[in-house]
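Q: Before anything else, here's the structure in question.
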Amino acid sequence: MSVRVRSPHARILGLGDYRPSRVVTNDELAETIDTSDTWIRSRTGIGSRHVAAPDDTVVSMAVEAGRKALAASRLSADSIDVVILATCSIPRAIPGGASMVAELLGCASPAAFDLNSACSGFCHGLEVAASLVCRGSARHVLVVGSERFTADWIDWEDRGVCVLFGDGAGAATVGPSSEPDIGPVVWGSDGSGARFIAVPDGDWAIRMDGRNVYRWAMTHVAPLARHVCDEAGVRPADLAAIVPHQANLRIVEAVARAVASHGAVVATDVVDTGNTSAASVPLALSRLVREQQVSSGDLVLLLAFGAGLSWAGQVVRMP
Amino acid sequence: MSTNDALILLRSVVREIAQVDIDGLARTTTFTELDIDSLTVVEITTAMEESLGAKIPADVFAELATIGELEEQVVRMAGGPEAAMSPST
């Protein structure tokens with residue numbers, strides 16, 4: 001049986017993001033629900049979040065982020081062989097959104113599929129994309145994390161949950177490389193915690209057992225971060241930045257302490273973006289690029305975790 | 001670790017993490033009354049679980065509300081089979 005021409009390695013070629021224009025502050029939330037800026041900030045570090053307009057859909061936001069990633073990587077849409085849409089908040093399961101993203105971007109009939117691994121979806125998608133490139137199944141892959149929670153999945157009377165989430169999309173193009181610029185993935189799941197973040201049977205909104213989620217994160221995420229570095233053969237001192245899933249500033253800071261890379265920038269996009277699930281890592285990463293906090297060639301630790309429970313992380317070299 | 005030592009450790013951990021002295025407080029005192037938020041409760045219990053080599057069941061953990069309930073779990077962990085097997089005992 002013949003095999004396709006493979007690439008020895010894969011890399012990120014370009015990044016893009018989309019943030020809805022409407023910003024909702026904690027003070028604005030406190031006008032309608034029993035909460036306060038102090039309450040939210042002390043528990044989550046979140047000060048504001050972007051909220052989708054009615055015409056900002058999971059697909060439309062993914063298209064905007066994808067378009068920017070294509071431009072950043074100087075790729076035309078028809079050079080994309082596969083589109084992976086990481087999302088858990090698309091309002092309907094059928095059809096998936098990836099083919100519509102591909103169509104709206106002008107990609108020429110690529111393979112397109114949705115990937116639901118909740119908050120860790122983008123990092124899962126990055127590993128799938130790298131594997132496709134290395135196996136010769138694709139030369140260029142577009143991976144997008146896009147989420148719109150606020151319109152369909154949030155109960156605005158559930159103050160423990162509604163203050164956490166925001167909307168947005170982040171994207172990366174992945175292509176062949178002669179060097180290992182996307183490091184080995186560390187990923188896994190623990191279904192015993194599936195009920196900790198879920199839309200329960202008969203319900204319509206996301207409910208969270210915040211204490212058990214936080215306990216899981218505080219005991220598992222820091223060792224995972226060190227494991228990602230070990231698998232990549234990268235010392236913490238070699239990292240230019242650390243981009244944990246932006247769920248809660250206290251968890252982000254715990255990851256940063258555990259990695260103990262004193263020179264690395266730590267992404268804190270959660271402060272004015274909230275938790276955007278699968279979009280959180282590429283949104284935070286794109287922001288570091290835009291603000292010139294990382295440069296081409298820099299090594300960055302990505303680590304995402306969330307509902308499932310599921311997790312995935314890798315060290316990547318910046319394009 | 002004896003249950004008495006575990007309770008002494010609990011007081012020390014709460015003092016360190018939450019800057020609150022629970023010595024002599026009524027067992028019905030809630031974390032809310034002490035201005036200890038839910039994430040800080042997690043940090044306290046996680047520290048105790050690591051020290052005692054045992055875990056509080058998730059369902060119980062989600063509902064812990066008072067100092068007495070936390071002490072009860074600490075006593076259980078200190079006297080449980082996991083604790084008996086830990087190197088610190």
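Q: Which one of these is touching a Ser or Thr at 6+ places or on another chain (Cβ under 8 Å), surrounded by fewer than 19 Cβ atoms within 10 Å (Cβ to Cβ), small (Gly, Ala, Ser) and outside any helix (DSSP H, G or I): A:ALA10, A:ALA53?
A: A:ALA53
Q: Could you list, in sequence order, all residues of the range B:20-53 that are over 17 Å from B:ILE8 (Cβ atoms) and either among the polar types (S, T, N, Q) or in contact with a Lys or Arg (Cβ under 9 Å, 6 or more places away or on another chain) (or both)?
A: Within the range B:20-53, B:THR28, B:THR29, B:THR30, B:THR32, B:ASP37, B:SER38, B:LEU39, B:THR40, B:VAL41, B:VAL42, B:GLU43, B:THR46 qualify.
Q: Okay, moving on. If I ask for residues that are within 11 Å of chain A (Cβ to nearest Cβ) and buried (at least 18 other Cβ atoms within 10 Å of the Cβ), which ones from the range B:56-83 would you list?
A: Matches in the range B:56-83: B:ILE56, B:PHE61, B:LEU64.
Q: Considering only residues of the range A:243-264 that are away from chain B (no Cβ under 14 Å) and modelled with pLDDT under 95, which is nearest to A:ASN275 (Cα to Cα)?
A: Top of the filtered list is A:VAL255.
Q: For the range A:254-300, which positions are polar (S, T, N, Q), buried (at least 24 other Cβ atoms within 10 Å of the Cβ) and in contact with a Leu (Cβ under 8 Å, 6 or more places away or on another chain)?
A: The answer is A:THR273, A:THR276, A:SER286.
Here's the yes/no breakdown for (1) of a type in the set (Phe, Trp, Tyr); (2) in the same structural domain as A:LEU249 (by TED's automatic domain parsing); (3) under 30 Å from A:GLU157 (Cβ atoms); (4) not in a helix (DSSP H, G or I):
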site: A:VAL23; (1), (2), (3), (4): no, no, yes, yes
site: A:THR32; (1), (2), (3), (4): no, no, yes, yes
site: A:SER42; (1), (2), (3), (4): no, no, yes, no
site: A:GLU64; (1), (2), (3), (4): no, no, no, no
site: A:ARG67; (1), (2), (3), (4): no, no, no, no
site: A:PRO91; (1), (2), (3), (4): no, no, yes, yes
site: A:GLY96; (1), (2), (3), (4): no, no, no, yes
site: A:MET100; (1), (2), (3), (4): no, no, no, no
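Q: Another question about this same structure. Can B:ASP23 be described as more than 12 Å from every other protein chain (Cβ to nearest Cβ), in contact with a helix residue (DSSP H, G or I) (Cβ under 9 Å, 6 or more places away or on another chain) and assigned to a loop (DSSP other than H, G, I, E, B)?
A: Yes: the conditions hold for B:ASP23.
Q: So which of A:GLY193, A:GLY160 ends up being buried (at least 20 other Cβ atoms within 10 Å of the Cβ), assigned to a helix (DSSP H, G or I) and within 12 Å of chain B (Cβ to nearest Cβ)?
A: The conditions single out A:GLY193.
Q: Here is a further query. Determine which member of the set A:ALA169, A:ALA111 is buried (at least 20 other Cβ atoms within 10 Å of the Cβ), of a type in the set (A, V, I, L, M, F, W, C) and either assigned by TED's automatic domain parsing to the domain that holds A:ARG49 or under 18 Å from A:ALA279 (Cα atoms) (or both).
A: Criteria check complete, one pass: A:ALA169.
Q: Please specify each residue of the range A:136-173 satisfying the condition of being among the aliphatic types (A, V, I, L, M) and within 18 Å of A:SER280 (Cα to Cα).
A: A:LEU142, A:VAL143, A:VAL144, A:ALA151, A:ILE154, A:VAL161, A:VAL163, A:LEU164, A:ALA169, A:ALA171, A:ALA172
Q: Let me ask another. Considering only the range A:212-232, state which residues are within 14 Å of chain B (Cβ to nearest Cβ), surrounded by fewer than 20 Cβ atoms within 10 Å (Cβ to Cβ) and free of Cβ contacts under 8 Å to residues at least 12 places away in the same chain.
A: Across the range A:212-232, the qualifying residue is only A:THR219.
Q: Moving to a separate point now. Which pairs turn up if I take residues in the range A:296-319 that are over 17 Å from A:GLY233 (Cα atoms) and look for partners that are of a type in the set (Val, Ile, Thr) and crowded, with 24+ Cβ neighbours inside 10 Å with beta carbon separation below 6 Å, at least 6 apart in sequence or on another chain?
A: Close Cβ pairs (under 6 Å, with a partner that is of a type in the set (Val, Ile, Thr) and crowded, with 24+ Cβ neighbours inside 10 Å) amount to A:ALA304/A:VAL281; A:ALA307/A:ILE197; A:PRO319/A:ILE12.
The values are calculated or read from the model by the stated rules, or taken from the named source; none is laboratory data. As the structure is a prediction and not an experimental result, all values here were calculated from the model. Every residue, glycine among them, receives a Cβ derived from its backbone with ideal geometry; neighbour counts consider all protein chains shown.
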